[in-house]
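The structure under discussion appears below in the form of structure tokens.
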2 protein chains.
Amino acid sequence: MPKKVDHEKQKKVLAKAAWRVIKKEGIEGASVRKIAKEAGLSAGSLRHYFSNQSELLAYSMNLVSERVKTRIQNAAFTEDHFENMILVLGELLPLDEERRLEMEVWIAFNIKALVDPNLAELSSRVYDEMKEGIRKVIEGLKLNGISRSDLNAGEEVERLYALVDGLALHAVMNPDHFTESKMKGILRTHLLSLC
Amino acid sequence: MPKKVDHEKQKKVLAKAAWRVIKKEGIEGASVRKIAKEAGLSAGSLRHYFSNQSELLAYSMNLVSERVKTRIQNAAFTEDHFENMILVLGELLPLDEERRLEMEVWIAFNIKALVDPNLAELSSRVYDEMKEGIRKVIEGLKLNGISRSDLNAGEEVERLYALVDGLALHAVMNPDHFTESKMKGILRTHLLSLC
């Protein structure tokens, strides 16, 4: 058992080393050699955990979405459903340094997935999962009687999802401009406009 | 004079060859050698037009924004200000194959600009120009008495801009799902919600 735990732990260490290399050099600079070096391992030892670059990148990409899901599950929810939805959506935005790194890497992964079949399936699956999460936000507002009853839920899901990802993209491009309060303010304005 | 025209024309041919290579192989595959090959030139001849890869990529990136601006200037505007604004915003979305290629390349450029100082300045300048365009849309709706008078224009500019870029990103990732009418429908819903 301890061996298995160590194996998983080491994979995460390598995935995070991959994120740092991607942040510094872009995804095109994220070679197995550079990621191993960043993690303080030889390329040979890295191959004990991942048989090739694509497998390592897919694992690193998946780890971003796992962390987002875990944070949403552990969010400090209250009785205020509206504010809870702001908390959930905030987990999809680069509100602090940790999430900024994740988002930057996440967007780079998705662009790479356009030309890398090994990442495309994962990119598509996580896109659908996130969309389901957004759907729950919209439906939750409706069920709780907070939003207008005449909303076209399907279209509002697409609109909110695009807004959140566009905001994440802009915040990654302009970290100084997009403060946490600015991003949450835009989310709040948007959700209020549905009410 | 003819020589200068040919020179500019050839630079555009090379920039579009760069787009096609980026679409097929990602920006990390867009080497000078591959772009030259795609355009049917030798890498040596390419260097007659661009002294290095970064200069060629910057030119290709700038060409996307120039084409968007030209299309907006030439759009079939009518007396209906609201519909005109849908036309303007539509030029920022991948509504057809040509614009899909431009958008895909544009997003890849912006991600690359995060780690490439030679592209960062251009990325930032075009980001600001596009934001000015979005500001004109919001202010135009206000001036024409179409939008609500209590809008927070600054925030609405950020929200609409994020929506448009997020929609472009999603449409590039899911070309079959995001039809022209779906994208325009979302824009229309958004602008109507401001009125």
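The values are calculated or read from the model by the stated rules, or taken from the named source; none is laboratory data. Small disclaimer: the values here were computed from a predicted structure and weren't measured. Positions of Cβ are backbone-derived with ideal geometry, glycine not excepted, and every protein chain shown enters the neighbour counts.
Filtering the stretch A:104-125 to residues that are aliphatic (A, V, I, L, M) and more than 11 Å from every other protein chain (Cβ to nearest Cβ) leaves only A:Leu122. Restricting attention to the stretch A:114-134, the residues being among the small types (Gly, Ala, Ser) and either buried (at least 18 other Cβ atoms within 10 Å of the Cβ) or in contact with a Leu (Cβ under 6 Å, 6 or more places away or on another chain) (or both) number 2. When the stretch B:112-149 is filtered for residues that are farther than 20 Å from B:Lys16 by Cβ and among the hydrophobic types (A, V, I, L, M, F, W, C), the ones remaining, listed by number, are B:Leu114, B:Val115, B:Ala120, B:Met130, B:Ile134, B:Val137, B:Ile138, B:Leu141, B:Leu143, B:Ile146. Considering the stretch B:159-180, and only residues there that are of a type in the set (Asp, Glu) and touching a residue at least 12 places away in the same chain (Cβ under 8 Å), the residue that is surrounded by the fewest Cβ atoms within 10 Å (Cβ to Cβ) turns out to be B:Glu180. Taken together, the criteria exclude A:Asn62 from residues that are among the polar types (S, T, N, Q) and within 14 Å of another protein chain (Cβ to nearest Cβ). Given the criteria at the interface with chain B (Cβ under 7 Å from one of its Cβ atoms), without any contact (Cβ under 8 Å) to a residue 60 or more places away in the chain and of a type in the set (S, T, N, Q), does A:Ser149 qualify? In short, no. Taking the criterion of being away from chain B (no Cβ under 14 Å) and either among the acidic types (Asp, Glu) or farther than 21 Å from A:Phe109 by Cβ (or both), the residues of the stretch A:11-42 that qualify are A:Glu38, A:Gly40, A:Leu41, A:Ser42. Counting only helices (runs of 4 or more DSSP H) that sit completely within the stretch B:1-73, those holding 1 or more residues that are of a type in the set (Asp, Glu) correspond to B:2-25, B:32-38, B:53-73.
For B:Leu141, the stated conditions do not hold, so it cannot be described as surrounded by 13 or more Cβ atoms within 10 Å (Cβ to Cβ) and within 12 Å of another protein chain (Cβ to nearest Cβ).
Give the residue that is surrounded by the most Cβ atoms within 10 Å (Cβ to Cβ), with candidates limited to residues of the stretch B:181-195 that are touching an Asp or Glu at 6+ places or on another chain (Cβ under 8 Å) and facing chain A (nearest Cβ under 7 Å). It comes out as B:Ile186.
Kindly indicate whether any position in the stretch A:114-124 is at pLDDT below 90, more than 13 Å from the chain's Cα centre (by Cα) and among the polar types (S, T, N, Q). Checking the stretch A:114-124: at least one residue is at pLDDT below 90, more than 13 Å from the chain's Cα centre (by Cα) and among the polar types (S, T, N, Q).
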